[in-house]
Structure formats: structure tokens, C-alpha cells
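Read the figures in this text as sums done on the coordinates, not as results from a lab. Note that the structure is a prediction, hence the values are computed from the model and not measured. In this analysis, Cβ positions are derived from the backbone assuming ideal geometry, glycine residues included, and neighbour counts consider all displayed protein chains.
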Amino acid sequence: MRGTTIWILFAALVLLATAVPASAHSPTTVAITEDGFSPDHVTVHVGDSVTWITRGVAGHWPASDMHPTHTAYPGSSINKCITDEKKDILDSCVGLKGGESYTFTFSQAGKWGLHDHLYPGNTMTVEVVGEEKVDVFKNLIDAVTAYLSSIGKSGPTSDEFRALDYTVQKSTFKTMAARDPAGAWKFLTGTFIIDGQVKENPHELAHVAGKALYKAKGIDGIGVCDPAFAFGCYHGVTEQMLLERGSEGVPEIESTCMRLFPNEEALIASCIHGTGHGLLTWESLDVGSALKDCDALGERHRSYCYDGVFMENSFSAPARDDWTLCESVDERYDAECAKYHVYGMGARVGWDPSAMAASCEEAPRQALRDGCFTGLGFYSANAARGDFNGITNACGTAQSEDGKSTCITSAAVEVIFQEYAGWPATSVNLCGSLAEGLKNECLARTTAIVADYKRGVTNTPEIDRIKSMTNLEEQGKIYLQLIERVGPVEAQEQLFHSGLPFTGQTHLLNHVVGEYLYEKHGAQGLVYCKEYFLASCYHGFVIDAIGFKGIDGMDEIMAECNKYGLSVSAQCSHAMGHGFLAWNGYANIPDALKMCNEMTSRVEGFPSFNCRDGVFMENIWGIHAGAPSDERWVKEGDNFYPCDDPRLSYADLDGCWANQPSLIYQSNGGDIAAVGQECLKVENPAYQKICFNALARQIHPLTKGDPAAAFSMCGLLPSEWTDHCLSTIATSDFSVGGRAMSFDICSNVKDKPQCYTGLFGAMSVYARTPQEYESFCAYVTEDSWKQACLNRTATVTTVALAK
């Protein structure tokens, strides 16, 4: 207790030392800039006025604590900004542009905290006293002075800090963060997260830590943060970056998040989510402008940013009780907008869950309705702080069964994400309260979130069984069970995050989901495919479609594939090659190749090489049939057959040589060096290069993601082809979703130009936007090559627009 008293008194002395005294009724002016309030502490009397004036370009919004409700000063609330009571609250209710001001007259004595609503990490205190209290401050100074000798140089303990008044906490923590931002963040999480459970949510203090981290480390400071306290640390970093650099720095946030959290999509999502919060405040709560800023991110990550925009809007803008906002923005934002509509509605109806649920039922379209019930579950989990009964009571107010189940499932996920007390049992019990089919879907969702955020629970039973097997056919049976239980989209996510290597076998395993989608949905099922494992879902989908309809069904399929860019259309074309051979019979390779040529004339821009490549790959492996055919074109002892068969035209031989090393590898018992010597015998220089390229692709899965293995195996080839082998593996690994190995190889290979040129080319194909391409460049560790990567962005712009 004595230590607590010391810290309270010490913090008070600091405040007094920096306070600006004012005589009764004298004007007091506070400037607001990107650096915060100046001064950040003033002392006035009851009846005095304080004027805040914005300096600089960015807008600022002075308001009472706490962020974002503004209810600390008696009678204040952000929700009164749209009422006649606006004039009576400590809240400018709008962002003030440069030179604009806001004045408030204080009628209540006390110590009142304020913050900049647009940049919550910027805070100040107004001390309001009566005449009779002046001597109290002198006595306080004397008391603090007497204690100074007993105060050491270390900060308060966690117990002492939690006991402080919030205004004192802020001033104390700002000092700690300025001195050691990383240490301050560690202290904050250790103080308010006890035994893995969040006890309080000091979101504004997390902003303070983030701002200090950016000032100390730049954008890399975001690597110190984590999602605790509603992403407050992330918000603070992006908030400070936006203050210093504006929205032009947004792509750098994405690339930094990807670099700091490679192959950790959940952490990347949390990292980028905070950007959405910061962008809305930067744009002075203009939702449309903030969403447009989010579009500077790669397409894959934009939804995380959108989510942050709408979450911040639900906290920061005056509450609405209708669907006006969601109806005013594009339907692609439905899920995120509806999720946080719940909060605006809740603020208007006193957080009555039945009224909030009723609003969800009345949503103007189904996507908004689903998103709204998801938001109700999100709200219920946090309002009940993870309590099972509180959640089920709130979700139970929904009148429809699907509304209740969506709410419960969303709450189960949020309980895990926030790590509320007893989350493992609570999440299982929440899912268990649903009907059988819905229960399994809920459990699949919670299992995925546990794995993505490393909450300590293993994969689903199906994934564990798949990982314990080596037989592809048996793996496929178990994978189909998972698809039927959790749905095709969730099953792909689980397989992608399972830890299975990015190899040919995993690629073939994921064909199963494509087959399932075509048989269940027809051509429209393609939309549910993910590009994971070298677009293997698309392969399975197209191969299965050919089995049902032949070439006549392929125009419709290619129209769907072309919607998703060259990376997908090329894989669809490749899959057609597989299917065309199976359709014509394995003895009829020329007929299958004719179908590839026919598609070239039927579909503009058809990637014909990929189709030919698929024909010859099917000849070797018999993927469609499930095993190599007895009729395949193979001659024992002839390593160049069928590429030397006169029935093949010269134009078809590129596809043949792209697969021939697989046959040579088999016939030589897996002797890589022997295959290399056979490729040397190919006289045509173009086909010799294709042969070594294909051999490298044969080696790639054998490396199991280990760069050292790649260098060792490629070293078995003739020396003039070693670097070509390594460069091809780097490109192949990137194409199937790998990242670290690709860039590791290029940073260590001798022929860096060859390696990086090929890798940058693959990046330009798989990047949907120039911004996404730039985010890939963040993986390049060598400064000169990183710049070379970025210099190609203009080229990507043309390709991206053509898609």
C-alpha cells in the first residue's frame, strides 16, 4: 500500500510540475498537433474555459476519456454528438482542421482526462479546482517531496499500477513508454493479462505503447506488438506512422507484417487489421476514404483492413440504429459492415441483445443478416467476458435458429481469440449446444482458430490422421470426410495450415476438394476453390468436369477460371490436358493434344503450353485414372520416348520434355546425377533447357522445403546447370505457396540475376495488384535486389490491369 501511495503522489507531482496555472476565468489555450497536446496538463478553476486549437494539416478531435465512448466527464457521451445535448458535453464531436478550435467551460471540479479521438494515443489532463483547493495542491507537493527519498529508480509494480487512478496511469505509462517502449508493452500485458486471461482492457495505453514503438523502431516496431487489448498496440504504431507519412505508407505496413510473420496468416491478419483502425482516424472518420486506402493493400489482405475500418467506426462514430451505412457502401463490404452494425445498434438501444438481434433479422439482404449475427456473437462473447451463460442468453434472443447458431459459433471463436478464462471448455460447450451438423461446423471453426493463433490445441482428428499416413488414396478418403464435415472452404484452410509439406503428393491430395465441388455445384463451384498447393483444387475440379462433359463443357469452365487471373487460368489449362488424355484414352496422345489446340482457337488467350504439359504428365502418372495406364506411351530402355515419336508435332515437344525427366528419374532408380547426364544428351538447346528445368521441378519436392537439400541435390548436376536448378526450385517453391525457401536460395546462389529474375517473374504472375507484388518484395533480404524487385512494380501494373 505504501508503494502505491508513493506512485500516486509521485505521478501527481509530475503533473503539477508541468501544469499551466490559470487564474479564475482567464482563457487557457491548448494546441493540438501530430505530436499531441501542448501543454498536456493544465490547471483551471470551476467556471473557466479551455480552448483547443488545431495546428498543422491533420485533423484532431479533443474529447473526454474514455476512448471511444467519451463518458468520463459527467454527462458526456459520443452518442450525444447527434443530439441537442451536444453543447453540454466535453467533446468537439468532429475533427478540427488546421486553425479550427473548440471551447468548453468546466462546471465540475476534478481531474479530467482527454484524448484526441482521431489519435487516441495522444492524451492530456485538465485539473479543475475550486478556490478552496489551492492549498491542497501545495500540501500535496510537500507530501510528495517528503516521499522522494524513498522512491527508487524502478517503476511501479503491476499491483501498484493497477491501483492508480486512470489519469495517473496514463501519465506514468507515457513516461515508461518514452523511456523503453518494448519494456513498457511487456509491462502492460503482464499487468493486465494474468494467467493467460485478460483482466482489463487498457486500449488507450496500448496506443501509447504503439506510438512510442514507432518513434523508436519505425514500422518494425509493429513486430513487438501482439493482438492484446483489441489491437491497441498495432493501432498506435499505424497511428503514428500515418501522422508522420500519411496513407502512402500503407503498403509498407503490409510488407512489414508479412516479413515479421512469414507463413503466419493469422498474425498477419491481426497486424493489418490495426491499419484499418488507423486509416479511419487518419481520414477523420470518412469510411469511404478509409476503405479506398485499404485497397492499397494486396487483395488477399484487404478484408482485414476493411474489418478494422468498420470496427473503429463502431467505436468512434456516433451510433446509428439503422442500416444506412451498410446500404451506402458496396456489397463487397457486407460482412465487415454488418458485423459492426451491431455495436451502433447496441449503443442506441442500451445494449439490449433482443433489440440488437431484431435488427439483424430485419437486415435488407441475406449477407448483411449473416454478418450481423456474426457481430452479435462477437459482441456477446466480449460483453459476457467469455461466460457461457451470458453468451447463450444473448444469442438466445435471436428469433431464428440460423441466427442463434451463427451467433453461438461466432462467440465460440471470439472466446478463443480473446483467451477468456476457461476458453477451451467454454468454446467446446458453446459448439456442443448446437444441433449435430451445426455443432461439427462450429467445432471445425474453433479448431482452426486455435491452430491459426497457436492457442495450444492440435489439428482436427482428420488432419492428424492424414499427416500420419503416406498412402495418397487413404489420405484422400479421410480428406473427403473432413470436406463433408466442415465444408470445402474450411477444409482447404485446414489442409493449408496443417503443416503438410508443399509437395506433389499434397497437391494431388487437394484435388479431392475440386472433384467434390464440381460434382456438387457444377461450373459455379469453382468460386470455392483456393489457390493453395499450386491451384490443385482447380486441377481436381477441371479434370472431373472433363470426365463428365468432355471438351464441350470447357468453355464455361475457362470463363470462370479467367476471372481469377493468369495464375489460375494456367492451372485450369494444365488440368484440361490431364482430362483430355483420359477422355480420349491413354493410347491417343495426339488426339488429346488436338483438343488443347482446339481450346486455343475457342478461348482467347488460352495458355496452350500448360495444356500440353498436362497431357504428358497424365501420360506418366495417370492421375485421372488413379494409376499409370497400361496404354501409356513409355518404352523401357528408351529415355527419349515418347519425345522422339514421329506422331508428335514439333510444337508439342515442349510439353513432352517438360515431363520426360520424371520417366528418366524412375528408370534410373532415383539417380539425380544420371538424369542430368541424360538431359545433356538432348541436342536441341531449347529442349535441353526444358529437360533441366523439369529435373529441377522433380528435385523440388525431394528437398522437403530445406534450402540445404536443394543446394546438395542440384550440386549433383553438371556444374553449368547447378544454378539453373536452384533458380527453378526457388520459382517452383514460390508458385506452390512457399516463401522462405525461395528467397533463401536466391540470396545464396552464385547466379543471383538468374534466380531473382525468375522469382520476380513468378511474383508478378501471382500478385493480383502492384501492392501485393511489393509485399512479396519485402521477403528479399539484400537491399540492392529488394530495390530491383520494387523497380519492376510498374511492369506489374500493366499485368494486373490485364487480369
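When the pairs Lys549/Lys689; Lys186/Lys217; Lys635/Lys689 are compared against a 25 Å limit on Cα-Cα distance, Lys549/Lys689 fall above it.
From the helices alone, meaning DSSP H stretches of at least four residues, give me the mean residue ellipticity at 222 nm for the chain, per-run term -39500 (n - 2.57), in deg cm²/dmol to the nearest 500.
Numbers: 40 runs with 484 residues, N = 803.
Theoretical 222 nm ellipticity from helices: -19000 deg cm²/dmol.
Within straight-line reach of Lys750, meaning a Cα separation under 15 Å, sit the following aspartates and glutamates at least 8 residues removed in sequence or on another chain: Glu720, Asp723, Glu782. For Lys467, a cut-off of 30 angstrom between C-alpha atoms picks up these lysines, skipping any fewer than 8 places away in its own chain: Lys439, Lys454, Lys477, Lys520, Lys530, Lys704.
In summary, the lysines within cross-link reach of Lys97, defined as a Cα separation below 28 angstrom excluding same-chain residues under 8 places away, comprise Lys80, Lys86, Lys87, Lys111, Lys170, Lys174, Lys211, Lys215, Lys292. Overall, the chain carries a charge dipole of about 1280 debye about its Cα centre when +1 sits on the Cβ of Lys and Arg and -1 on the Cβ of Asp and Glu, all other atoms neutral. Across the chain, the relative contact order, built from alpha-carbon pairs under 8 Å that are at least six residues apart, equals 7 percent.
For the stretch 243-452, a crude dipole built from +1 on the beta carbon of Lys and Arg and -1 on the beta carbon of Asp and Glu, taken about the Cα centre, is about 420 debye to the nearest 20.
Is the stretch 243-452 rounded, prolate or oblate when judged by the Cα gyration tensor, a ≥ b ≥ c being the square roots of its eigenvalues, rounded requiring a/c under 1.5 and prolate requiring a/b larger than b/c? Oblate, because a/c is 1.5 or more while a/b does not exceed b/c.
Positive end of the dipole of the chain, charges at C-beta (+1 Lys, Arg; -1 Asp, Glu), about the Cα centre: which of Trp583, Phe106, Asn639 has its Cα farthest in that direction? Result: Phe106. Within the chain, DSSP assigns beta bridges of which about 65% are antiparallel (rounded to the nearest 5). Distance between the pseudo-spin-label points of Asn748 and Ser712 (7 Å out from Cα toward the beta carbon): 1.2 nm. Full extension of the chain between Thr470 and Thr105 yields a length gain of 123.9 nm, computed as 0.36 nm times the residue separation minus the alpha carbon distance. Between Lys87 and Glu782, how high is the FRET efficiency from 1/(1 + (r/R0)^6) when r is the Cβ-Cβ distance and R₀ = 60 Å? Nearest 0.05. It comes to 0.50. For the peptides 690-701, 241-252, 413-424, residues were scored by their other Cβ atoms within 10 Å and the scores averaged per peptide; the highest-first order is 690-701, 413-424, 241-252.
Any idea how far apart Asn440 and Ala587 come out in nm if each label point goes 7 Å out from Cα toward Cβ? Each label point lies 7 Å from its Cα, and together they span 4.4 nm. Per-residue extension of 0.36 nm, minus the Cα-Cα distance of Ser38 and Glu401, leaves a gain of 125.2 nm for this segment.
Each of Glu327 and Gln524 was given a label point 7 Å from its Cα along the Cα-to-Cβ line. The distance between the two points is 2.6 nm.
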